[in-house]
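The values are calculated or read from the model by the stated rules, or taken from the named source; none is laboratory data. Note that the structure is predicted; figures quoted are calculated from it, not measured. Positions of Cβ are generated from backbone atoms using ideal geometry, with glycine treated the same way; all protein chains shown enter the neighbour counts. Keep in mind that these areas ignore ligands, DNA and RNA; they rest on the heavy atoms of the full protein, side chains included. Shrake-Rupley method; radii C 1.70, N 1.55, O 1.52, S 1.80 Å.
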Amino acid sequence: MEDTRHLYSAFGINISSDVRIPELNAKRKGPIHAEIKYGSMESPSLPDRKYSSKVTREGEGFLCYIKSIGGVKVCDDRRIIVSPEKGAEEKGFRFLVSGIAIGLLLHLRGLVTLHASAVVIEGRAVAFVGRSGMGKSTTAAALHSRGHPIITDDLLVLDTTGGSVQAYPGFPHLKLTPESIVKSVNKDPDRIPKIDPGGPKHSFEAEKNFVDEPLPLQCMYVLDYKEDENRPNGFSAPFSEAITGKDACIELVRNSYVGRLLPEEAVTPHHLKRSAEIAQSVPVRRLRREKSLSALSSLAAFIEQEHAPNGRSSEA
């Protein structure tokens with residue numbers, strides 16, 4: 001019988017998958033750490049809204065179901081069962097698998113997962129967290145257009161077991177709105193495929209210089225806007241300010257990937273301990289800038305300057 005499995009590498013693990021996920025890189029050498037297999041599962045009762053969802057703890061794992069898309073069951077830290085609804089594989093079901101399902105599996109493996117994007121600057125990882133719509137992917141895209149490789153988008157996986165904080169590369173795609181594509185990478189959004197044909201976001205390929213090895217995390221930016229957004233004389237310069245101690249740890253917990261799905265998972269003793277270790281080891285800074293896509297160029301230049309050899313990061 002023909003072997004129809006697809007073999008991938010992402011977030012530091014090798015994956016065998018029944019589902020084709022072309023955004024992921026081909027498997028590297030070494031053993032398989034996780035398997036994704038088709039299976040059946042009963043759809044839970046959901047509100048009568050498109051893409052309404054439910055995430056629950058299921059024994060040692062998790063169950064996530066999205067209306068009109070389908071479900072994933074993370075059985076443990078090695079196995080994922082997937083059950084797409086009819087026609088959903090053409091509507092972005094694979095992104096449910098490569099995002100939420102793998103994110104929950106990595107959480108079970110004891111890693112810290114953040115809702116974040118990250119790029120490479122001066123050989124180190126620089127990450128961006130913040131509320132939904134705050135511009136994590138757009139900021140990463142603006143830096144990528146200036147030559148900085150993408151590490152990951154949406155799901156950032158961190159490991160603290162080796163005495164330092166290491167960021168694992170995900171896969172080289174960014175989820176961007178049409179406006180962000182135009183302003184950040186100067187491309188025609190009509191030429192960039194959509195994640196879901198009926199949805200607003202596109203999957204922008206960012207393969208240039210994509211890293212395939214973990215990198216030390218240099219800085220974590222919490223994206224925010226300035227309070228004086230209605231300036232009559234154009235844009236003022238972005239700036240950043242340190243977040244320290246308990247407040248830094250709170251920001252990491254607040255931006256936990258698993259926490260946005262199941263808040264109680266972000267405050268387990270293990271997760272809190274790992275978050276505190278990261279907050280103590282890595283500078284966490286609040287990055288304030290104008291609420292305008294037209295200010296992206298100055299924002300990217302500011303971030304580059306902070307991480308230049310004689311910039312602020314070299315003093316941290």
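Annotations
- Cut-off under 5 Å, modelled amide H: who pairs with ARG79 long-range: GLU35
- Rounded tilt (10° steps) of 245-254 against the dominant C-alpha axis of the chain: 40
- Estimated distance in nm for a label pair at LEU7 and THR161, the labels positioned 7 Å out from Cα along Cα-to-Cβ: 2.3
- Whole-Hz Karplus values for the stretch 15-25 come out as 10, 9, 9, 6, 8, 6, 10, x, 5, 6, 7 Hz, taken residue by residue from phi with 6.51 cos²θ - 1.76 cosθ + 1.60 and θ = phi - 60°; glycine and proline positions read x.
- Under-5 Å amide H pairs with LEU155, H placed in peptide plane, nonlocal only: ALA116
- Carbon + sulfur, % of accessible area of the chain - ligands and nucleic acids excluded, 1.4 Å: 47
- Proximal charge balance of ARG109 [Cβ under 15 Å; K/R count +1, D/E count -1]: -3
- Segment ARG20-SER43, extension gain: residue separation times 0.36 nm, minus the distance between their alpha carbons: 6.0 nm
- Average accessible area per residue (Å²) across the chain - probe 1.4 Å, nucleic acids and ligands excluded: 47
- Near the amide H of LEU24, within less than 5 Å, lie no amide hydrogens of residues on another chain or at least 5 residues away, with H placed in the peptide plane.
- For the chain, the longest principal axis of the C-alpha atoms and the axis of helix 269-281 are separated by about 30°.
- Mean Cα-pair separation over length for the chain, i.e. relative contact order, pairs under 8 Å, 6 or more apart, %: 15
- About the centre of its Cα atoms, the chain shows a dipole size close to 260 debye [charges on the beta carbon of Lys, Arg (+1) and Asp, Glu (-1) only; nearest 20 debye].
- For the chain, the longest principal axis of the C-alpha atoms and the axis of helix 296-306 are separated by about 80°.
- Remark: accessible surface ordering of ASP190, ASP77 (largest first) is ASP190, ASP77, probe radius 1.4 Å.
- Taking 7 Å steps out from each Cα toward its Cβ at SER297 and LYS50 produces label points 3.6 nm apart.
- For the stretch 89-95, Karplus couplings with θ = phi - 60° (6.51, -1.76, 1.60), whole Hz, Gly/Pro x: 5, 8, 10, x, 4, 4, 6
- Helical contribution to [θ] at 222 nm, DSSP H n ≥ 4, -39,500 (n - 2.57), averaged over the chain, rounded to 500: -5000 deg cm²/dmol
- The Cα trace of the stretch 181-261 gives Rg and Dmax of 17.9, 46 Å, the first to one decimal, the second as a whole number.
- For the chain, the Stokes-Einstein estimate of translational diffusion at 37 °C and a viscosity of 0.692 mPa s comes to 163 µm²/s, using the Kirkwood hydrodynamic radius over alpha-carbon pairs.
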